[in-house]
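Encoded as structure tokens, the structure appears first; notes follow it.
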Amino acid sequence: MKKQQSGFTMIELIMVIVILGILAAVALPRFANFGADARAASINGALGAAKSANAIVHSAFLITDDATETTVTLEGNTTITLANGYPADAGQLLIAAGLEGDFEVVSTNQIQQRGNTAENCRFVYTAAAANGTPTFTGTQATPAAGQTPANPDLPVVSEDC
């Protein structure tokens, strides 16, 4: 009487290892570059914070009920210099948003994360003109697919970073 053995043969085990190796080789490049995704998420988060701080500064200006006011003081005794009721420049905007420690102003009001050198991984703050509102734009000349017409190169995508 023959005793029946159970388990996998050596060939079956090798085939499973080969298949797993092929899957890993195909999937690894997709998961290897999280840095660009993280940088894009970071600058988009800063963009949201900057827009919120811009609105808060303008609200504080409106509460003063004095159109000639050139500064407002936010919570924590942070004084922000104004231009037409909004932060005067990108540096003042960073201070208002509390981002000056992690982000910096480069090349005429372009805001980027400290240490980042990708030229398209940033946004531009343009101060308000008389009776106008400030604008937030990206740094690319042509919009990527799926980006909004009002700000053709925002949000920043991982390919920019």
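Looking at (1) part of a strand (DSSP E or B); (2) under 14 Å from the mean Cα position of the chain (by Cα); (3) touching a residue at least 24 places away in the same chain (Cβ under 8 Å), which is the one condition that is false for L82? The number of the failed condition is (2). Provide a single number: the residues in region 5-33 that are small (G, A, S) and within 20 Å of S158 (Cβ to Cβ). Result for region 5-33: 2. Residues that are part of a helix (DSSP H, G or I) and of a type in the set (K, R) within region 1-55 comprise R30, R39, K51, listed in sequence order. Can you say whether A67 is part of a loop (DSSP other than H, G, I, E, B) and in contact with a Gly (Cβ under 9 Å, 6 or more places away or on another chain), as far as the supplied structure shows? Criteria met by A67.
Each reported figure results from applying straightforward, stated rules to the coordinates on display, with no laboratory input. Remember, it's a predicted structure, so these values are computed and weren't measured experimentally. Note that each Cβ is placed from the backbone with ideal geometry, even for glycine, and that neighbours are counted across all protein chains shown.
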